[in-house]
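Down below is the structure, laid out as structure tokens.
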Amino acid sequence: MNLVIFGPPGSGKGTQAKLLQEKQAWPQLSTGDMLRAAIAAGTELGKKCQSIMAKGELVPDDVVVGIIGERYDQPDCEKGAIFDGFPRTIPQARSLDSMLKLRNKKIDLVIELKVDDKVLIDRVKTRIAQSGGVARADDNPETLQNRLAVYYQNTAPLLEFYKRQGKLTTVDGMAPIEAVTKAIAVVIEKAAKG
Ligand code: ADP
């Protein structure tokens, strides 16, 4: 199954995608992690993205579409993949649909983790406090505000896009981690039965 874990920054996408990856045969494809790895490795791509990401802006669509396409063609994605943090714009979603179509695949399911802004801000503050001073470059209160604004402006419209395709299910992302994991498992089971 190919599924998208969808939600604003701090909604728990990464946490749930990792847990799901452990349970299922589908790897977690996180564009954020891939870009951070490129920055850490000092590649050209990383250099290009570093300041954009530190500001909480989106890196160009062709960049993320390129890295996702390359990653998806690895053999471990044969049975499907968990897209985490991608797509983030309508053009990215369209590119993803065409890329999958070329491979006779499709997005089967989109799971939205719904979390109030206030809770998101509190979570990132906690993440910063717990990081012992080595927080992600974009984990600070100002950048978070921008990441949220970018989410509502560019990414939230995808909810309507996937709703129209009949693929969207919303889960309460404010429930405890295990409860969210369980709710996601129920949604996947239902989708697998068709
Ligand atoms: P979060 O969802 O918690 O903000 P991510 O790790 O998913 O964190 O993304 C971190 C940053 O990486 C984003 O703010 C953006 O700059 C960049 N990024 C990640 N995925 C994409 C994408 N699909 N399109 C554009 N930029 C992206």
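The values are calculated or read from the model by the stated rules, or taken from the named source; none is laboratory data. As the structure is a computational prediction, the values presented were derived from the model and not from experiment. Heads up, the Cβs are rebuilt from the backbone with ideal geometry, glycines too, and the neighbour counts pull from every protein chain shown. The accessibility values were calculated without ligands, DNA or RNA, using every heavy atom of the protein model including side chains. Shrake-Rupley method; radii C 1.70, N 1.55, O 1.52, S 1.80 Å.
Tabulated results
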{"quantity": "Proximal aspartates and glutamates to LYS79, defined as alpha-carbon separation beneath 13 angstrom and excluding residues fewer than eight positions away on the same chain", "calculated": "ASP108"}
{"quantity": "Charge-dipole axis of the chain as Lys and Arg at +1 and Asp and Glu at -1 on Cβ define it, positive-most pick from TYR152, THR169, GLY66", "calculated": "THR169"}
{"quantity": "Only Lys, Arg (+1) and Asp, Glu (-1) charged, at Cβ; the chain dipole about Cα centre in debye", "calculated": "320 debye"}
{"quantity": "Percent RCO, i.e. relative contact order, over the chain, from Cα pairs under 8 Å lying at least 6 residues apart", "calculated": "32 percent"}
{"quantity": "Cα convex hull of the chain, projected area averaged across orientations, nm²", "calculated": "10.7 nm²"}
{"quantity": "Diffusion constant of region 35-123 at 20 °C, which comes from Stokes-Einstein with the Kirkwood Cα-pair radius and 1.002 mPa s, µm²/s", "calculated": "144 µm²/s"}
{"quantity": "Exposure ranking of SER131, SER51, SER30 by accessible area [1.4 Å probe, largest first]", "calculated": "SER51, SER131, SER30"}
{"quantity": "Value of [θ]222 nm, deg cm²/dmol, for the chain, DSSP H segments ≥ 4, -39500 (n - 2.57) each, nearest 500", "calculated": "-17500 deg cm²/dmol"}
{"quantity": "For THR181, net neighbour charge (Lys/Arg +1, Asp/Glu -1) across residues whose Cβ lies under 13 Å away", "calculated": "0"}
{"quantity": "Taking region 43-145 and dividing mean pair separation by its residue count, relative contact order in percent (alpha carbons under 8 Å, at least six apart)", "calculated": "30 percent"}
{"quantity": "Tail beyond 20 Å, pair distance distribution of region 108-194 (Cα, percent)", "calculated": "49 percent"}
{"quantity": "Principal axis dimensions, region 63-169 - Cα atoms, whole angstrom, descending", "calculated": "45, 30, 22"}
{"quantity": "Förster-model FRET efficiency, 30 Å R0, SER98 and ALA156, C-beta, rounded to 0.05", "calculated": "0.85"}
{"quantity": "THR169 accessible area, 1.4 Å probe, all protein chains in place, Å² to nearest 10", "calculated": "50 Å²"}
